[in-house]
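Participant: Sharing a structure, written as structure tokens. Questions coming.
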Amino acid sequence: MFVQFYDNNWHNRDVNFQCPYIIYNKVFCDQKFRHHSADNEAFTNFITNESASVQKISSLYSHRHHYDPMSGIKLESGVDFFGHVENMARSSQVSAFVFDWDRTLQPYESMLTHSVDYLKAQYDGDDFMQALAIYHAGGHERFQKLRHMFGVIKQCKKKICILTGNPAILTEGRSIYIHVLKEWGITPWYLAYALDKYEFMAQDLFLQSVSGPMLRF
């Protein structure tokens, strides 16, 4: 049985031998996006086409968006990210999924360390949770794609794990991840911090229990 792992970091390609049954899928991203002059322009173009509610959420982030419009859309191979995940979910050879967070599930390289309650107290409106989830998805269209993708995984009864190297997960900001994921339609098997993700997965008892050769006696 195989676990499908999605991340935008090329480092995983060099260490995936540690877990041969956890398959690394490189998610395409703009490697120079932080220094790219179109970063702020791309974010402005994106956010002005979203609802007023999503725009209000973006204002709470005080311009710390680090938005990469190229990320989380396709794999490095050019294959559609969402379609690939859904096809793997339907495979009888796949038991679970592991997703990176920054520039994989969300098109940003940033998260707040404030709690979700702190943000909600500054938001005027009843649609806070959904607006927050749409913002982190990178817009309404991508929000719908994520919900459909996770719906297929749930329908196929496969487990989902989230690994992030963003230290915000170790702060009160963890609650933002949890509420956003809930709006995306999932409760992950676990949500954990890991800088070297293959080292983490190589020692993770759950992932080791659901990956590896199928033994028949």
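Participant: Take the range 143-183 and flag every residue that is surrounded by 19 or more Cβ atoms within 10 Å (Cβ to Cβ) and hydroxyl-bearing (Ser, Thr, Tyr).
Facilitator: Listed by number, the residues that qualify are 164, 177.
Participant: When you go through 109, 141 one by one, which is the residue that is at pLDDT below 95 and charged (D, E, K, R)? Break it down into steps so the answer makes sense when it comes.
Facilitator: Working: 141 fails: at pLDDT below 95.
None of the others qualify; the one that does is 109.
Participant: Filter the range 167-181 down to the residues that are in a helix (DSSP H, G or I) and not aromatic (Phe, Trp, Tyr) and list them by number. Talk me through it step by step, then tell me what you get.
Facilitator: The initial filter retains those residues of the range 167-181 that are in a helix (DSSP H, G or I), namely 167-170, 174-181.
Within the range 167-181, 167, 168, 169, 170, 174, 175, 176, 178, 179, 180, 181 qualify.
Participant: Continuing with the same structure: Go through the range 150-165 and count every residue that is more than 12 Å from residue 97 (Cα to Cα), in contact with a Phe, Trp or Tyr (Cβ under 8 Å, 6 or more places away or on another chain) and not hydroxyl-bearing (Ser, Thr, Tyr).
Facilitator: Count: 1.
Participant: Scan the range 123-154 residue by residue and report those that are outside any helix (DSSP H, G or I) and either under 16 Å from the mean Cα position of the chain (by Cα) or of a type in the set (Lys, Arg) (or both). Write out each step before concluding.
Facilitator: At the first step, the residues of the range 123-154 found to be outside any helix (DSSP H, G or I) are 123-127, 138-139.
Across the range 123-154, the qualifying residues are 138, 139.
Participant: State whether one or more residues within the range 186-193 are at pLDDT 95 or above and of a type in the set (Val, Ile, Thr).
Facilitator: Looking through the range 186-193, none of the residues is at pLDDT 95 or above and of a type in the set (Val, Ile, Thr).
Participant: Give the range 63-105 a look and list any residue that's part of a helix (DSSP H, G or I) and farther than 26 Å from residue 204 by Cα, or say none.
Facilitator: Initial filter on the range 63-105 (part of a helix (DSSP H, G or I)): 81-89.
83 - this is the single residue of the range 63-105 that is part of a helix (DSSP H, G or I) and farther than 26 Å from residue 204 by Cα.
Participant: Give just the number: which of (1) under 18 Å from the mean Cα position of the chain (by Cα); (2) exposed (fewer than 15 other Cβ atoms within 10 Å of the Cβ) does residue 48 not satisfy?
Facilitator: (1)
Participant: Here's something else I'd like to know. Would you pick out the residues in the range 67-81 that are in contact with a Gly (Cβ under 8 Å, 6 or more places away or on another chain) and more than 15 Å from residue 43 (Cβ to Cβ)?
Facilitator: 81
The values are calculated or read from the model by the stated rules, or taken from the named source; none is laboratory data. Since we're looking at a predicted model, the values are computed, not measured. So basically every Cβ, Gly included, is an ideal-geometry build from the backbone, and we count neighbours across all protein chains shown.
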